[in-house]
1. Evaluate Rg over Rh across region 6-47, taking Cα atoms for both radii and Kirkwood's formula for Rh.
2. Please turn the phi angles of region 11-25 into ³J(HN,Hα) values with the Karplus equation 6.51 cos²θ - 1.76 cosθ + 1.60 (θ = phi - 60°), one per residue in order, whole Hz, x for glycine and proline.
3. In whole angstrom, and with the biggest value first, how far do the Cα coordinates of region 78-151 range along each principal axis?
4. Out of residues 5 or more away from Leu83 or on other chains, whose amide H comes under 5 Å of its own, with H placed 1.01 Å from N in the peptide plane?
5. Pulled fully out, how much extra length does the chain show between Ser108 and Tyr70, if you take 0.36 nm times their separation in residues and subtract their Cα-Cα distance?
6. Once amide H atoms are placed 1.01 Å from N in the peptide plane, what residues at a sequence separation of 5 or more from Thr91, or on another chain, have their amide H within under 5 Å of its amide H?
7. Which angle between 0 and 90 degrees, to the nearest 10, do you get for helix 58-70 versus the longest principal axis of the chain when only C-alpha atoms count?
8. Can you give the accessible area of Tyr34 in Å² (nearest 10), computed on protein heavy atoms with a 1.4 Å probe?
Amino acid sequence: MTSRYFEDWTVGDTVETRGMTITESQIVDYAMRYDPQPMHIDRQTADAGPFGELIASGFHTMSVCFRLFYDMGYVAESNIIGLGLDEVRWTAPVRPGDTLRCTVEIVSLTPSRSKADRGTMSFKLTARNQDDIDVMHFTSTCILKKRSAAD
């Protein structure tokens, strides 16, 4: 897929990512580096806890989901910078063996008033597992390039 620029998007556009299966070793590796809570790194403690097994860190889930969107190539050449995330919610645990896929919907597009070569785009990313259960969602806002006159 080639990169889409600001003017290539329309509010309401929706794209679907491929799936990615999350392994127990990925869960533990990520958590050992960035979120070493027992529910993510200690099988015995996690097995006795409220989820009955290890679960992925929400930050791990968010990182995987952004990667799934980025790998589609839509913003590979057009993204200038991310401005932030809003409404981040982890709505169900991600377990070893879960396969995540994401739906990304464009929710707003605002041309820059001060720089004619760019605009701001917000999108809502919703992640679901193989059973079509929503596991996470967030809204992301970024600045995208507009196409140059040569394009």
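The values are calculated or read from the model by the stated rules, or taken from the named source; none is laboratory data. Source: prediction; values computed, not measured. Cβ coordinates were reconstructed from backbone atoms using ideal geometry, including for glycine residues, and neighbour counts include every protein chain displayed. For the accessible areas, the whole protein counts, side chains as well, though only heavy atoms, and no ligand, DNA or RNA atoms are used. Shrake-Rupley method; radii C 1.70, N 1.55, O 1.52, S 1.80 Å.
1. Details: Rg = 17.4 Å, Rh = 13.2 Å.
So for region 6-47, dividing Rg by the Kirkwood Rh gives 1.32.
2. Ordered by residue, 3J(HN,Hα) equals 4, x, 4, 10, 10, 10, 8, 6, x, 9, 8, 9, 9, 4, 5 Hz.
3. Between the extreme Cα coordinates on each principal axis of region 78-151 lie 47, 25, 16 Å.
4. Amide H to amide H, under 5 Å and 5 or more residues apart or across chains, Leu83 pairs with Thr141, Cys142, Ile143.
5. 11.8 nm
6. Under 5 Å from the amide H of Thr91: Met136, His137.
7. Roughly 40 degrees, rounded to the nearest 10.
8. 150
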